[in-house]
Amino acid sequence: MAVKLPKITGPRISEVRLEDLTEDPSPDFRRGETYDGVRYSRAAADGLELSGTDFAECEFQGASFNETQLRGAGFRDCVLSELYAPVFRAARSTWRDVQLNNPRLGSAELYESGWQSVRVDGGKLDFLNLRGAKLTDVLITDCIINELDLGSAAGTRVALENCTIGTLDLTGARLKDFDIRGTDFRTISGLGSLAGVVIDDYQLSLLAPLLAAHLGMRVV
């Protein structure tokens, strides 16, 4: 009798449409302000205190946010292309209907953040800290991530396609329809939190020795 496999539901990503934006060639960002309907080209916000700042329907082209404090900031209906920051501080921030194109981030501190309908396309991140984050409808494609920390995170309809991940930490994560088929990873921790993860046959062969050790099995 054939076993009926549960249906896999992919991320539901809303297309970001930005029209009639105002150009701001020399922005003066301030903490707690709201910026709506603006296009920024090569904006530099390095080292600024922007906690609680909100960006709605904005486009960033080549923005630099190194050591910028974005704790509790919000991004809604935004496109950020070639975002650059050796240190990106955005803990407890909110991202909704956002597209990130080719980001270059060193340490990305996004723990306890909320992502809904977010797409990351391309780029390289040395350390992506999403510990305790809530991720719903997230698609990451063609991205290199040296270390991805999803410890204690909640992820629903998340897909990583054609990505390369060095270390993947799922310790304590609560996942559903978390699809990593076709993504390469070197090491994975938190094997007890693999429920809800979708993998392919090749990945299963790589995980088999780790799963056996985790369960106390001996293969002879």
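The values are calculated or read from the model by the stated rules, or taken from the named source; none is laboratory data. Since we're looking at a predicted model, the values are computed, not measured. Neighbour counts are summed over all protein chains in view; Cβ atoms, including those assigned to glycine, are modelled from backbone coordinates with ideal geometry. What goes into the accessible areas is simple: the full protein's heavy atoms, side chains included, and nothing from ligands, DNA or RNA. Shrake-Rupley method; radii C 1.70, N 1.55, O 1.52, S 1.80 Å.
Tabulate in residue order the Karplus-calculated ³J(HN,Hα) for segment 125-137, using 6.51 cos²θ - 1.76 cosθ + 1.60 with θ = phi - 60°, rounded to whole Hz; enter x for Gly and Pro.
For segment 125-137, the Karplus-derived couplings read 10, 6, 9, 10, 9, 10, 4, x, 7, 10, 10, 9, 6 Hz, x marking Gly and Pro.
Report the gain in length on full extension from ALA195 to ASP126: 0.36 nm times residue separation, minus Cα-Cα distance, nm rounded to one decimal.
Full-extension gain reported as 22.2 nm.
Please report the carbon-and-sulfur percent of the accessible area for the chain; probe 1.4 Å, protein heavy atoms only, DNA, RNA and ligands left out.
Whole-percent figure for carbon plus sulfur exposure: 48.
Taking a virtual spin label 7 Å from the Cα of ASN101 along the C-beta vector, which residues in segment 30-55 bring their backbone nitrogen under 20 Å of it?
36-45, 55
Would you tally the net charge around SER51, using a Cβ to Cβ cut-off of less than 12 Å, leaving SER51 out, and scoring K and R as +1, D and E as -1?
Net of charged neighbours comes to +2.
Apply 1/(1 + (r/R0)^6) to the Cβ-Cβ distance of GLU147 and GLU23, taking R0 = 35 Å, and write down the FRET efficiency to the nearest 0.05.
In this case the efficiency is close to 0.40.
Please label the shape of segment 13-124 as rounded, prolate or oblate, based on the square roots a ≥ b ≥ c of the eigenvalues of the alpha-carbon gyration tensor (a/c under 1.5 means rounded; beyond that, a/b larger than b/c means prolate, else oblate). Working shown, then result.
On the way: a/c = 1.23, a/b = 1.07, b/c = 1.15.
Because its axes are fairly even, with a/c under 1.5, segment 13-124 counts as rounded.
Among rounded, prolate and oblate, which fits segment 50-111 when a ≥ b ≥ c are the square roots of the eigenvalues of its C-alpha gyration tensor, a/c under 1.5 means rounded, and a/b larger than b/c means prolate?
Values: a/c = 1.67, a/b = 1.05, b/c = 1.59.
Since a/c reaches 1.5 but b/c is at least a/b, the shape of segment 50-111 is classed as oblate.
Out of these labelled values of Rg and Dmax of the Cα atoms in Å, (1) 17.6, 54; (2) 21.3, 65; (3) 18.6, 67, which was calculated from the coordinates shown here?
(3)
Can you tell me how much longer the chain between GLN61 and LYS7 gets when fully stretched, taken as 0.36 nm per residue apart minus their C-alpha distance, in nm with one decimal?
15.6 nm is the gain from fully extending GLN61 to LYS7.
Relative to the first principal axis of the alpha-carbon coordinates of the chain, what is the inclination of helix 201-214, with its axis defined by its Cα atoms, in degrees from 0 to 90 and to the nearest 10?
70
In a shell of Cβ-Cβ distance under 11 Å around LEU128, excluding LEU128 itself, what net charge do Lys and Arg (+1) and Asp and Glu (-1) give?
Details: positive: LYS124, ARG131; negative: GLU109, ASP126, GLU147, ASP149, ASP169.
Every neighbour counted, the sum reads -3.
Can you list the residues, at least 5 places off or on another chain, whose amide H is less than 5 Å from the amide H of THR94, using H built in the peptide plane?
Long-range HN contacts for THR94: ALA73, GLY74, PHE75, GLY114.
Using +1 at the C-beta of Lys and Arg and -1 at the C-beta of Asp and Glu, which of LEU160, LEU125, THR22 has the Cα lying farthest in the positive direction of the dipole of the chain?
Highest projection toward the positive end goes to LEU160.
Cut-off under 16 Å on the C-alpha distance; same-chain residues fewer than 8 positions from LYS7 excluded. Which lysines are left, in chain and number order?
Straight-distance partners of LYS7: LYS176.
For segment 81-88, just list the computed ³J(HN,Hα) in residue order, Karplus coefficients 6.51, -1.76 and 1.60, θ = phi - 60°, integers in Hz, with x standing in for Gly and Pro.
10, 6, 5, 10, 5, x, 10, 10
I need the phi-derived Karplus couplings for segment 17-24: 6.51 cos²θ - 1.76 cosθ + 1.60, θ = phi - 60°, integer Hz, Gly and Pro marked x.
Per residue, the Karplus-derived 3J(HN,Hα) values read 10, 10, 9, 6, 7, 8, 7, 10 Hz.
Would you mind working out the magnitude of the charge dipole of the chain relative to its Cα centre, with +1 at each Lys and Arg C-beta and -1 at each Asp and Glu C-beta, to the nearest 20 Debye?
Computed charge dipole of the chain: roughly 1040 debye.
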